[in-house]
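Take a look at the structure set out below.
The values are calculated or read from the model by the stated rules, or taken from the named source; none is laboratory data. Just so it is clear, the model here is predicted, and its values are computed rather than measured. Note that we place each Cβ from the backbone using ideal geometry, even for glycine, and neighbour counts take in every protein chain shown.
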Amino acid sequence: MTNHRTVRHVAAAFVVALLGVPISSLGAADLGLETLAPGDGWASLAAGTTGGSAAAPDHVYTVTNRQELVAALASLSVIPKIIYVSGTIDVNVDDANNPLTCTDYERNGYTLEAYLAAYDPATWGREEVPSGPLEQARVASQAAQQSRVRIRIGSNTTIVGLDKGAVIRGAWFDIRNNATNIIIRNLKFQDTFDCFPQWDPTDGSEGNWNALYDSISLRNATHVWIDHNTFEDKETADEGLPLYFGRLFQVHDGQLDITNASDLVTVSWNRFRNHDKVMLIGSSDSATADRGKLRVTLHHNLFADVGQRAPRVRFGQVHVYNNYYKIQNVEGYGYSWGAGIESAIFAENNLFWADDAVTPDRFISVFRGTALHDAGTLVGGPADKNLLSVRDAYNDANDPDLLGDVGWTPELFLGIDPTRRVLPLVQAHAGPFDPEDDE
């Protein structure tokens, strides 16, 4: 791990401190010093989100492996820090950076073969979740993996990729316990996976495998800016996973979950790809402490061939604008906007490019929600003639109707682009800076 700041970093930091302006406005390209622009979504409210931009030289790091990353974050102190990620950091490694497999995490006699034999519905049944020694062994094995993949992030922190080749593989960035003022940018998050998902025969009519670990999770966190990242499954993509008990052996949870009274978050210019459960905002219907929290802005993001939760919302006031929804993987598609209990989604000028088999009424799913504002949506292409109300399409196919008044109107945004411009803008500029055109 390199603990340093180059001459250019020092000079830029001095100018920022002297003038009180973000480095981006001065034409420099140091992402570690950039702060969220005033008015750019909920995370800009009040004092805004500056991350570690005020870091002293001895709290600026360049990290190339898991050990260096963990060391840079070890104190969880509120001292401002900037962490530059160089190259690929795989967190499923030992302290010497040697790769670890799922077998290396197995504890107390756990094997997948033994677990499958013990909890096969033909013998265990479908009325109770697994319990007993092998379930305890699975939990212990899961804890062993968690000790490697869980990366805690404290307040006043900026983590950025040095270039478009910066990759975080297999990690769970865990932001919680009142952590505040955090910026994460210019990274590729790949293959966050759980070696030891739990079988739950009571989950749905056929049972399900349930995994832990999100690529990024926010719990009791505030003032967070997630910008110009890519989230994707590659080596562990769902299409390569087996079926057990007739159900997909799901090793993934969310890509970016915002729960437990988190608040004031801006999610901008990211790519979310090839994943089922993308973004949960609000953890449960009974989490009434979330009322008045979970204020989130989503803008200029790509959601490409994702299954659901883009986002699913409970309680929060969520501004969803200028996002591009590319729906080609029809078999794996569930819905995009989930209207949960007391949710207040204000959606405008979003583009859906969907296979003909996915009709607009399917873009919304309701989970005890009663209202959703939708305006300026284009479906199937960038022509104005394709404007429609997704809420009206949902109401035509479902009862009861969703209301259009969500009780608030967004005021924090830099400008809302015409919907016909969403596809070229997001295609060209979402994801890490200067991304390869791989769509």
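The conditions of being assigned to a strand (DSSP E or B), of a type in the set (A, V, I, L, M, F, W, C), at pLDDT 95 or above and within 18 Å of the chain's Cα centre (by Cα) are met by residue 298. Cβ-Cβ contacts under 8 Å between residues 6 or more apart (or on different chains), taken from a first residue in region 117-130 that is touching a residue at least 40 places away in the same chain (Cβ under 8 Å) to a second residue that is among the basic types (Lys, Arg), are listed as 130/138.
Comparison of 73, 69, 116, 134 shows that the only residue that is surrounded by 13 or more Cβ atoms within 10 Å (Cβ to Cβ) and in contact with a Lys or Arg (Cβ under 7 Å, 6 or more places away or on another chain) is 73. When residue 331 is tested against (1) touching an Asp or Glu at 6+ places or on another chain (Cβ under 9 Å); (2) within 20 Å of residue 248 (Cβ to Cβ); (3) charged (D, E, K, R), just one condition goes unmet, and that condition is (1). For region 156-192, the tally of residues that are assigned to a loop (DSSP other than H, G, I, E, B), of a type in the set (Lys, Arg) and either surrounded by 23 or more Cβ atoms within 10 Å (Cβ to Cβ) or at pLDDT 95 or above (or both) stands at 1. Restricting attention to region 358-405 and to residues that are loosely packed, with under 13 Cβ neighbours inside 10 Å and among the aliphatic types (A, V, I, L, M), the residue that is modelled with the highest pLDDT turns out to be 397.
Report yes if residue 283 is outside any strand (DSSP E or B) and either under 11 Å from the mean Cα position of the chain (by Cα) or small (Gly, Ala, Ser) (or both), otherwise no. Spelling it out, residue 283 is indeed outside any strand (DSSP E or B) and either under 11 Å from the mean Cα position of the chain (by Cα) or small (Gly, Ala, Ser) (or both). Conditions first: (1) surrounded by fewer than 24 Cβ atoms within 10 Å (Cβ to Cβ); (2) more than 30 Å from residue 417 (Cα to Cα). Residue 199 passes all but one, so which condition is the exception? Residue 199 satisfies all of (1) surrounded by fewer than 24 Cβ atoms within 10 Å (Cβ to Cβ); (2) more than 30 Å from residue 417 (Cα to Cα) except (1).
Residue pairs whose Cβ atoms lie under 8 Å apart, sitting 6 or more positions apart in sequence or on different chains, and linking a residue in region 63-82 that is of a type in the set (Ser, Thr, Tyr) to a partner that is surrounded by fewer than 17 Cβ atoms within 10 Å (Cβ to Cβ), are 64/1; 64/86; 64/87. For region 259-276, the condition of being under 19 Å from residue 197 (Cα atoms) and buried (at least 22 other Cβ atoms within 10 Å of the Cβ) holds for at least one residue.
Among all residues of region 202-211, there is none that is crowded, with 22+ Cβ neighbours inside 10 Å, under 26 Å from residue 141 (Cα atoms) and of a type outside the set (A, V, I, L, M, F, W, C). Taking region 301-321 as the range and being in contact with a Lys or Arg (Cβ under 8 Å, 6 or more places away or on another chain) and not in a strand (DSSP E or B) as the test, the residues that pass are 301, 305, 306, 307, 309, 315, 316. For region 98-152, filtered to residues that are part of a helix (DSSP H, G or I) and of a type in the set (D, E, K, R), the residue that is nearest to residue 246 (Cα to Cα) is 113. Considering only residues in region 337-357 that are of a type in the set (Gly, Ala, Ser), crowded, with 22+ Cβ neighbours inside 10 Å and within 21 Å of residue 302 (Cβ to Cβ), the one that is farthest from the chain's Cα centre (by Cα) turns out to be 347. Residues that are hydrophobic (A, V, I, L, M, F, W, C) and more than 30 Å from residue 183 (Cα to Cα) were ranked within region 68-127; the one that is farthest from the chain's Cα centre (by Cα) is 122. In the set (1) within 30 Å of residue 434 (Cα to Cα); (2) outside any loop (DSSP other than H, G, I, E, B); (3) touching a residue at least 40 places away in the same chain (Cβ under 8 Å), residue 254 fails one condition alone, (2).
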